[in-house]
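See structure below.
The values are calculated or read from the model by the stated rules, or taken from the named source; none is laboratory data. Keep in mind that this is a model prediction, so the values were computed, not measured. Here the Cβ positions follow ideal geometry from the backbone for every residue, glycine too, while neighbour counts run over all protein chains shown.
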Amino acid sequence: MKILKWLLIVVLALVLVLVGFLAYMGYFSTPKVTTQKIGPYTLVYEEYIGPYSNTGKVLAKVFNALKADGIITTKGFGIYLNDPKSTTPDKLHSLVGCVLEKKDEGKAWQLRKKHKVMTWKTKDCLVTEFPIKNDLSYMIGPMKAYPELNKAMQDKKVKLGACMELYDMPAKKTLFIFEIIK
């Protein structure tokens, strides 16, 4: 009987720890969607075709290449061009890379010799955010953000364009951004 009692206490403690951890990660929160003007950003990127779950490697490659060129960035991004619900993983198309800091934007013309560079102009967007606590945040964030963004799209009766995830490391958050098509 004592063993059963201790086993129950241990199981209950583990459940409480798990629930607490999930709460800390933001799993039980509901992201708030707002309409904001987003941009402009100067983006250094690589094109990637394949599962979106592999884009972290591409982002790291761009970050390291910029670092080798003497440019330190604190924000990464992914622009996801296909809906993973209707496109097979091997055909998903994305643009992945780093956002140049304001102080380095003047170097964009130089970077074009070695990298792909583009500008995300200021656009009206649906936006929500999710905190970055650890690597698990990159899995939980999309699970929480995209249903809320899709609901807001339907509620506001707007058509959405490009989808960008902006990884703001100093602020420790991911912005989930959908361009509003007018």
- Task: Spot the failing condition for K75; the list is (1) over 23 Å from E129 (Cβ atoms); (2) surrounded by 14 or more Cβ atoms within 10 Å (Cβ to Cβ); (3) of a type in the set (D, E, K, R), and only one is missed.
- Result: (1)
- Message: Against the conditions (1) part of a loop (DSSP other than H, G, I, E, B); (2) not assigned by TED's automatic domain parsing to the domain that holds K144, where does G70 fall short? Just the number, please.
- Response: (2)
- When the range 85-104 is checked residue by residue, the ones that are surrounded by 15 or more Cβ atoms within 10 Å (Cβ to Cβ) and more than 14 Å from the chain's Cα centre (by Cα) are L92, L100, D104
- Just one of (1) surrounded by 13 or more Cβ atoms within 10 Å (Cβ to Cβ); (2) touching a residue at least 40 places away in the same chain (Cβ under 8 Å); (3) in contact with a strand residue (DSSP E or B) (Cβ under 6 Å, 6 or more places away or on another chain) trips up D69, so point out which. (3)
- Going through the range 73-102 in order, the residues found to be farther than 21 Å from L175 by Cβ and in a helix (DSSP H, G or I) are P89, D90, K91
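Would you confirm whether any residue within the range 112-130 is in the same structural domain as I71 (by TED's automatic domain parsing), in a helix (DSSP H, G or I) and surrounded by 16 or more Cβ atoms within 10 Å (Cβ to Cβ)?
Looking through the range 112-130, none of the residues is in the same structural domain as I71 (by TED's automatic domain parsing), in a helix (DSSP H, G or I) and surrounded by 16 or more Cβ atoms within 10 Å (Cβ to Cβ).
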- Complete set of residues in the range 19-43 that are outside any strand (DSSP E or B), more than 30 Å from K107 (Cβ to Cβ) and modelled with pLDDT of 85 or more: P31, K32, V33
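For the range 160-167, does any single residue satisfy the condition of being among the acidic types (D, E) and either over 17 Å from L43 (Cβ atoms) or over 18 Å from the mean Cα position of the chain (by Cα) (or both)?
no
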